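Data first, discussion second: the structure below is written as structure tokens.
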Amino acid sequence: MALRCWRWWHWSAWPRTRPPPSGSTQTLGVSEEVRDPANSKALRKRRRTLDVTFLFCPPALGFRQQFSTQEQTPQICVVGSGPAGFYTAQHLLKHHSRARVDIYEKQLVPFGLVRFGVAPDHPEVKNVINTFTQTARSDRCAFHGNVVVGRDVTVPELQEAYHAVVLSYGAEDHRALEIPGEELPGVFSARAFVGWYNGLPENQELAPDLSCDTAVILGQGNVALDVARILLTPPEHLEKTDITEAALGALRQSRVKTVWIVGRRGPLQVAFTIKELREMIQLPGTRPILDPADFLGLQDRIKEVPRPRKRLMELLLRTATEKPGAEEAARRASASRAWGLRFSRSPQQVLPSADGRRAAGIRLAVTRLEGVGEATRAVPTGDVEDLPCGLVLSSIGYKSRPIDPSVPFDLKLGVIPNTEGRVVDMPGLYCSGWVKRGPTGVITTTMTDSFLTGQMLLQDLKAGLLPSGPRPGYAAIKALLSSRGVWPISFSDWEKLDAEEVSRGQGAGKPREKLLDPQEMLRLLGR
């Protein structure tokens, strides 16, 4: 049998090189040409002479070939097509003129939480899709949807086929409440609820019952405010968004009039931002319920806090303690719906209805704060209160899952152990986004984080810490997937589905009507 001369070394043959120390004089992957354009010619000449010896055929042949790092085509794959994946790919393509990037995605469609997480009434946030589309259309980038890494193909198989692998698959689970009654009908994670109204296929059977008068949201971050806003927004204000028709129909029939947003700690520790709070305060047909007693002494405590936090607290204080003007007072008086913030309350038990068949309330432990600054924590006082409600939405955080037994994972923190994006003790494996740092921050936070991972990867490539020699990239993975009956979706396939969604939305004056059924998507593509 003829020898296959594109064979590569197994990863175990590569030295486990540690990343450079944080105090190193090396830059974070920023090219020297960018920092000093005058040196670019000399640097390019120097790089052309930097040869790395690699094994082109199996070592037993004793055959070596000189390999120029400037002439190779780095084959890189990114797992996950949300903001972290696309920003990582964008950085790699921009800062290495020969790199090829393949993006693998378990859904049939790209864009992750931009499509399935951003609220439908925030279309401006989704404009980043235009940038991601330009990246995906690059002749050095390819999208492969409908591929579940860890099931259809393993991470070690990707490592064998690529010079580097970046895990950017986000946080696809939620943190459990771990209290009695959490399993009752009427209790949902905010993540699943958001997926339901945003068209995530796995959440389309959710069917939340909105026939109750009161809903309780546990958690006080931006997702909690998004969910509260969608529950209380007049349905006619959502008709021209990309919310799913099924969700819109349910919201039209909703009887929810009051939404309580509950937090374990106090006003100074809320996690939402001023933009989301302002939207709630100005939400048509609603009025805020804020207890001035919750804000006693807050004015003095916010004098030294950072300006964004101070502005947020000042808006809360004004809303809670100042008498509204005549116009605002009239608006609030005519409001048929309300929302409120409850502080120093920790969920203890979901209370069942008399027949035990669904949620009818939640028991909250009253807490007090101990400690200062970031160390502030809520401790129970021993008092409890029961809050009647028919819908409980848990918004206490998203959580990443392990993707493959070969990849280290910190179950407590919910992240892949890493140093600036380099996976610990696994040369050539990187991570970016929420699976790297935890589910915090906004899209711009993820952009900065992903650019840093891209810089680290290119820095390692330049330093010769990644495998030299050719790698087959997608050609090898395509053969594996085909043998396993997996048929990937290309970006051009997605553009056909995109056109269908836009066409379906036009009749109703919507930007799109999202396709919800993966089988229907495949039929539309002739699969």
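The slack in the chain from Glu304 to Arg151, taken as 0.36 nm per residue of separation less the alpha-carbon distance, amounts to 50.0 nm. Applying 0.36 nm per residue to the separation of Gln253 and Thr273 and subtracting their alpha-carbon distance, the gain on full extension is 4.2 nm. Highest mean packing first, where packing is the average number of other Cβ atoms within 10 Å per residue, the peptides 156-162, 463-469, 172-178, 79-85 line up as 79-85, 156-162, 463-469, 172-178. Relative contact order for the range 295-443: 11 percent, from Cα pairs under 8 Å spaced at least 6 residues apart, divided by residue count.
On a per residue basis, the chain carries 47 Å² of accessible surface, using protein heavy atoms and a 1.4 Å probe. Just the protein heavy atoms count here, and of the accessible area of the range 107-179 at 1.4 Å, carbon and sulfur take up 47 percent.
With a/c under 1.5 counting as rounded, go ahead and sort the range 377-527 into rounded, prolate or oblate using the C-alpha gyration tensor (a ≥ b ≥ c being the square roots of the eigenvalues; past the cut-off, prolate if a/b is larger than b/c, else oblate). Here the range 377-527 falls in the oblate category. Farthest toward the dipole's positive end in the range 190-322, which of Pro208, Pro306, Leu317, given Cβ charges of +1 (Lys, Arg) and -1 (Asp, Glu) about the Cα centre? Checking the options against the dipole of the range 190-322, the answer is Pro306.
Within the shell of other residues whose beta carbon sits under 11 angstrom from the beta carbon of Ile217, the net charge comes to +1, with Lys and Arg scored +1 and Asp and Glu -1. Over the chain, one equal point on each Cα, no solvent: what is log10 I(q)/I(0) by the Debye formula at q = 0.05, 0.06, 0.10 Å⁻¹? The computed values of log10 I(q)/I(0) come out as -0.25, -0.35, -0.90. For Lys106, a cut-off of 16 angstrom between C-alpha atoms picks up these lysines, skipping any fewer than 8 places away in its own chain: Lys478. Taking every DSSP bridge with both residues inside the chain, close to 40 percent are antiparallel.
Ranked by the mean number of other Cβ atoms within 10 Å of their residues, highest first, the peptides 300-306, 94-100 come out as 94-100, 300-306. Under 5 Å between amide hydrogens, built in the peptide plane, is the criterion, and for Leu351 it picks out Ala360, Gly361, Ile362, Arg363 among residues at least 5 positions away or on other chains. How high is the FRET efficiency between Glu495 and Asp517 when r is their beta carbon distance and R₀ equals 22 Å, given to the nearest 0.05? So, using R0 = 22 Å, E works out to roughly 0.70.
Across the range 415-491, the relative contact order, built from alpha-carbon pairs under 8 Å that are at least six residues apart, equals 25 percent. Taking label points 7 Å from Cα along the Cα-to-Cβ direction, Lys240 and Ile179 give a separation of 4.0 nm. Shape of the range 276-319 from its Cα gyration tensor (a ≥ b ≥ c, root eigenvalues): rounded if a/c is under 1.5, otherwise prolate when a/b > b/c, or oblate? Cα axes put the range 276-319 in the oblate bin.
Highest-first packing order for the peptide set 476-482, 223-229, 375-381 is 223-229, 476-482, 375-381, based on the mean count of other beta carbon atoms within 10 Å.
With contributions of -39500 (n - 2.57) from each DSSP H run of at least four residues, the per-residue ellipticity at 222 nm computed over the chain stands at -9000 deg cm²/dmol.
Can you bin the range 104-192 into rounded, prolate or oblate? Criterion: square roots of the alpha carbon gyration tensor eigenvalues sorted a ≥ b ≥ c, rounded for a/c under 1.5, prolate for a/b above b/c, oblate for the rest. Because a/c hits 1.5 or more and a/b fails to exceed b/c, the range 104-192 counts as oblate. Taking Cβ atoms as reference points and 12 Å as the exclusive limit, the residues near Thr321 contribute a net charge of -2, counting Lys and Arg as +1 and Asp and Glu as -1. For the range 347-362, 3J(HN,Hα) computed residue by residue from phi via the Karplus equation (6.51, -1.76, 1.60; θ = phi - 60°) reads x, 10, 6, 7, 8, x, 5, 4, 8, x, 9, 7, 6, 10, x, 9 Hz, glycine and proline entered as x. Beyond 29 Å in Cα-Cα separation lie the following of the pairs Lys240/Lys399; Lys399/Lys462; Lys275/Lys510; Lys126/Lys303: Lys240/Lys399; Lys399/Lys462; Lys126/Lys303.
Say the dipole of the chain comes from +1 at the beta carbon of Lys and Arg and -1 at that of Asp and Glu; which of Gly297, Ser97, Trp339 then lies farthest toward its positive end? The residue sitting most towards the positive pole is Ser97. Taking the Cα centre of the range 465-520 as reference, the dipole from Cβ charges on Lys and Arg (+1) and Asp and Glu (-1) amounts to some 260 debye.
Relative contact order, whole percent, for the range 200-348 stands at 33, derived from Cα pairs under 8 Å and 6 or more residues apart.
Net charge in the neighbourhood of Met280 (other residues with Cβ under 11 Å of its Cβ; Lys, Arg +1, Asp, Glu -1) is +1.
Helix 307-321 and the long axis of the chain differ in direction by around 20°, with both axes built from C-alpha atoms. The Cα center of the range 423-452 and the Cα center of the range 248-275 differ in position by 29 Å.
Of all accessible surface on the range 195-235 at a 1.4 Å probe, what whole percent is carbon and sulfur?
48 percent
Relative to the Cα centre, the charge distribution of the chain, modelled as +1 at Lys and Arg Cβ and -1 at Asp and Glu Cβ, gives a dipole magnitude of about 1440 debye. Under a model in which nothing but the beta-carbon of Lys, Arg (+1) and Asp, Glu (-1) is charged, the range 262-342 shows a dipole of about 200 debye around its Cα centre. Just the protein heavy atoms count here, and of the accessible area of the range 428-527 at 1.4 Å, carbon and sulfur take up 58 percent.
The values are calculated or read from the model by the stated rules, or taken from the named source; none is laboratory data. Small disclaimer: the values here were computed from a predicted structure and weren't measured. Here Cβ is always computed from backbone atoms with ideal geometry, including for glycine, and neighbour counts include all displayed protein chains. The area values use the complete protein model at the heavy-atom level, side chains included, leaving out ligands, DNA and RNA. Shrake-Rupley method; radii C 1.70, N 1.55, O 1.52, S 1.80 Å.
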